[in-house]
């Protein structure tokens with residue numbers, strides 16, 4: 001029988017998902033997320049993944065105070081509380097669940113329009129699974145990751161203090177560095193990076209062909225400037241070697257990656273002067289660079305192991321990472337490798353092409369249809385998906401059937417559920433169809449009037465030209 005076995009092969013790619021990585025800018029991050037949800041996903045369902053229980057509670061409270069129906073979901077809640085949040089979200093009573101990574105497993109909600117990562121995921125595999133909970137109905141959806149290098153140290157601290165053996169810890173660290181590398185990469189296609197992790201070769205040209213879901217890197221690729229920074233990297237490594245040797249092993253002589261940024265930028269802050277680092281050859285070499293590009297360069301050197309960060313946890317349980325020379329520094333210094341960095345403009349998710357189908361009128365119809373289904377479901381004490389399939393509702397909002405026969409031709413609409421609940425939905429579709437025809441009719445009248453005016457002008461003009469109407 002094995003000779004006649006049929007093989008079914010499929011890509012890991014999700015063409016209806018759009019991926020973007022955005023900088024996580026301190027305390028303003030929640031306001032940015034509120035703006036994003038209100039501007040692009042009003043009344044839509046989404047998941048917001050956080051690293052800790054406290055983060056879940058805080059972000060959910062902030063979203064709620066901003067007028068977005070949100071709730072937190074994590075292991076600190078009772079089974080009853082988690083069940084209630086899950087049920088309310090599936091029934092569309094709340095729109096956003098702020099959750100730890102456990103949320104989403106075994107939950108069948110196809111119309112999730114966005115998945116936002118408030119914190120760095122722990123691995124590419126984890127990110128693929130979590131972001132993959134968006135758009136399971138086949139409609140377009142957004143996967144937005146807010147990235148901060150500081151989140152890496154938070155996760156690294158958790159790994160270091162875990163009771164697992166060294167081999168398991170090393171695996172977790174390798175996965176974490178791959179995730180950091182994914183976020184720091186501003187040139188390669190997001191899909192290519194994810195799928196390469198699973199051993200699948202993906203042509204980024206296909207990402208460009210997925211209209212409306214092209215990833216941020218592919219959209220921005222024409223605006224990149226690639227520069228050779230090999231000489232600069234050597235100077236940075238030499239500087240780190242120098243301050244590590246002269247600093248000894250005393251606590252006060254340890255320096256962070258951000259301290260190196262200040263040296264390269266030529267900052268005149270007190271700590272730089274106190275240690276005489278304003279006298280170093282590297283001082284001020286990067287005056288023309290933006291601080292963001294300098295930070296990315298130093299993080300790149302760390303990821304590629306030319307530099308390393310030694311994690312130290314203080315008595316106050318604060319994790320501090322101190323810069324050291326990495327194990328591959330010799331390869332760089334002996335000229336066995338070159339390094340480049342990409343300079344690029346800041347990306348604003350609100351300026352990226354929309355990944356939504358249809359116009360605002362279609363969304364208006366969709367929301368009305370969903371509201372009707374929700375009201376019926378509430379009165380019967382069931383989920384709204386039990387009233388009418390979500391994909392069927394979306395199809396109605398786009399097709400706008402005007403008769404029972406037309407509605408029954410829509411996939412997932414059966415005669416049984418039409419007889420029970422279809423009349424109210426059909427009435428909404430009929431109203432919007434009539435309005436659409438009226439708008440189109442008015443549009444045609446305006447166009448025809450404009451054309452007629454142009455014809456009359458041309459006729460009058462030609463008459464005056466040939467002198468037939470001359471006085």
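Against the list (1) modelled with pLDDT of 95 or more; (2) surrounded by fewer than 22 Cβ atoms within 10 Å (Cβ to Cβ); (3) out of contact with any strand residue (DSSP E or B) (no Cβ under 6 Å at 6 or more places or on another chain), the condition residue 64 fails is (3). Applying the criterion of being in contact (Cβ under 8 Å) with a residue 24 or more places away in the chain and assigned to a loop (DSSP other than H, G, I, E, B) to the residues of the range 96-106, the residue that is surrounded by the most Cβ atoms within 10 Å (Cβ to Cβ) is 103.
On inspection, residue 83 qualifies as over 19 Å from the mean Cα position of the chain (by Cα), in a helix (DSSP H, G or I) and outside the structural domain of residue 387 (by TED's automatic domain parsing). Taken as a whole, the range 204-226 holds at least one residue that is buried (at least 19 other Cβ atoms within 10 Å of the Cβ), part of a loop (DSSP other than H, G, I, E, B), in contact with a helix residue (DSSP H, G or I) (Cβ under 6 Å, 6 or more places away or on another chain) and not assigned by TED's automatic domain parsing to the domain that holds residue 311. The condition of being assigned to a loop (DSSP other than H, G, I, E, B) and at pLDDT 95 or above holds for only one of 109, 122, 93, that being 122. Within the range 137-168, the set of residues being in contact with a helix residue (DSSP H, G or I) (Cβ under 8 Å, 6 or more places away or on another chain) and surrounded by fewer than 16 Cβ atoms within 10 Å (Cβ to Cβ) comprises 138, 160, 162, 164. Counting residues in the range 310-318 that are surrounded by 15 or more Cβ atoms within 10 Å (Cβ to Cβ), outside any helix (DSSP H, G or I) and modelled with pLDDT under 90 gives zero. Of all residues in the range 1-31, those satisfying the criterion of being farther than 22 Å from residue 201 by Cβ and at pLDDT 85 or above are 20, 22, 23, 24, 25, 28, 29, 30, 31. With the structure loaded, tell me whether residue 68 is closer than 21 Å to residue 147 by Cα and in the same structural domain as residue 155 (by TED's automatic domain parsing) or whether it fails that test. Here the answer is no, as residue 68 does not meet what is asked.
Being out of contact with any helix residue (DSSP H, G or I) (no Cβ under 9 Å at 6 or more places or on another chain) and either assigned by TED's automatic domain parsing to the domain that holds residue 122 or within 22 Å of residue 150 (Cβ to Cβ) (or both) is a description that applies to residue 28.
The values are calculated or read from the model by the stated rules, or taken from the named source; none is laboratory data. On a predicted model such as this, the values are computed, not experimentally measured, just so you know. Neighbour counts run over all protein chains shown; Cβ positions are idealised from the backbone, glycine included.
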